[in-house]
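Please read the structure below before turning to the comments.
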Ligand code: HEM
């Protein structure tokens with residue numbers, strides 16, 4: 001498998017924003033220390049070369065690395081005007097469940113068909129970053145069977161593909177400095193797997209809104225409780241549906257009783273994911289929250305902007 005071929009025709013391993021899901025991924029979130037900005041900038045400018053050295057050795061692994069930069073450090077790190085919609089993660093509190101905001105200045109989303117290649121890139125990055133960052137969360141994700149989450153459902157089916165993916169994910173002329181970049185929202189969820197497995201398959205399917213075996217869409221009841229699929233379908237006043245690209249991955253450790261889903265959404269418009277979260281946590285109508293949350297606890301929440309590769313390569317210290 002190869003890394004994504006961009007619209008311009010060049011193969012990109014860095015900021016491969018609409019790259020397909022791989023068998024392995026690392027989600028690494030860190031904060032940047034007060035003295036660390038110069039070192040971080042150096043590492044980001046050199047990232048394409050770091051990744052290229054590994055891609056040359058393991059071309060078949062589809063290694064890509066996407067960096068997201070948080071709003072707290074954007075101005076001091078980049079010397080480029082901030083993306084128009086960039087802000088901190090806005091927590092959402094519903095009657096029963098909450099989506100918290102947690103610290104994060106820098107996201108490395110490393111994807112490859114081999115876990116050892118992801119591991120090696122992460123190791124090299126952290127070695128060169130040294131004391132300039134403090135790791136806040138490191139999650140190692142893996143593909144489970146035919147792209148199922150640990151709840152047993154195929155996850156990612158509704159992701160847009162081809163030109164639709166680029167239109168949903170990449171910023172356009174509305175923010176010319178950042179066209180071709182994307183906003184990224186991450187959340188780590190933990191599942192009480194035993195309680196979920198105690199449900200009947202029919203009850204699980206009603207919560208998700210798709211059949212478990214084949215991932216076929218199911219209709220909701222005419223009124224009352226909506227499924228996860230319906231609560232996360234966002235249609236604007238003009239009737240246009242707004243998709244996002246999810247790169248969710250299972251993670252966990254049976255030995256420690258840990259079972260989770262790492263949610264990572266790429267979007268052209270942050271409000272789309274915010275609206276999904278509000279519909280999930282507050283409910284539509286309010287009070288009828290997404291029943292998936294009765295079996296999924298959000299423990300992190302961060303927002304980043306992943307600039308185009310050429311913007312990343314030309315970062316400079318602010319005047
Ligand atoms: C515990 C975490 C989560 C799990 C296990 C999960 C699982 C799933 C599954 C199994 C589907 C149906 C198959 C598919 O279309 O991919 C789905 C659909 C979807 N999910 Fe989630 N999800 C989670 C969290 C989220 C969050 C936090 C968001 C957004 C903020 C989200 C947005 C969506 C969207 C947009 C769809 C497609 C809806 C459509 O059919 O148009 N999910 N999810």
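The values are calculated or read from the model by the stated rules, or taken from the named source; none is laboratory data. Given the structure is predicted, the values throughout are model-derived calculations rather than measurements. FYI the Cβ positions are ideal-geometry reconstructions off the backbone, even for glycines, and counts take in every protein chain you see.
Structure values in brief
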{"read-out": "Within the stretch 284-310, considering residues that are more than 25 Å from residue 233 (Cβ to Cβ) and surrounded by fewer than 18 Cβ atoms within 10 Å (Cβ to Cβ), the one farthest from the ligand (Cβ to nearest atom)", "value": "310"}
{"read-out": "Selected residue [farther than 25 Å from residue 18 by Cβ and either modelled with pLDDT of 95 or more or within 13 Å of the ligand (Cβ to nearest atom) (or both)] from 281, 251", "value": "281"}
{"read-out": "Where residue 113 falls short, out of the listed (1) within 16 Å of the ligand (Cβ to nearest atom); (2) touching a strand residue (DSSP E or B) at 6+ places or on another chain (Cβ under 8 Å)", "value": "(1)"}
{"read-out": "Residue among 239, 265 that is more than 8 Å from the ligand (Cβ to nearest atom) and either in a loop (DSSP other than H, G, I, E, B) or at pLDDT 95 or above (or both)", "value": "239"}
{"read-out": "Residue ID - surrounded by the most Cβ atoms within 10 Å (Cβ to Cβ), chosen from residues in the stretch 140-171 that are within 13 Å of the ligand (Cβ to nearest atom) and in a strand (DSSP E or B)", "value": "141"}
{"read-out": "Residue list for the stretch 211-220, restricted to those being surrounded by 16 or more Cβ atoms within 10 Å (Cβ to Cβ) and either in contact with a helix residue (DSSP H, G or I) (Cβ under 6 Å, 6 or more places away or on another chain) or modelled with pLDDT under 95 (or both)", "value": "211, 212"}
{"read-out": "Close pairs from the stretch 202-229: first closer than 14 Å to residue 285 by Cα and in a helix (DSSP H, G or I), partner more than 10 Å from the ligand (Cβ to nearest atom) and modelled with pLDDT of 95 or more, Cβ under 9 Å, at least 6 apart", "value": "228/291"}
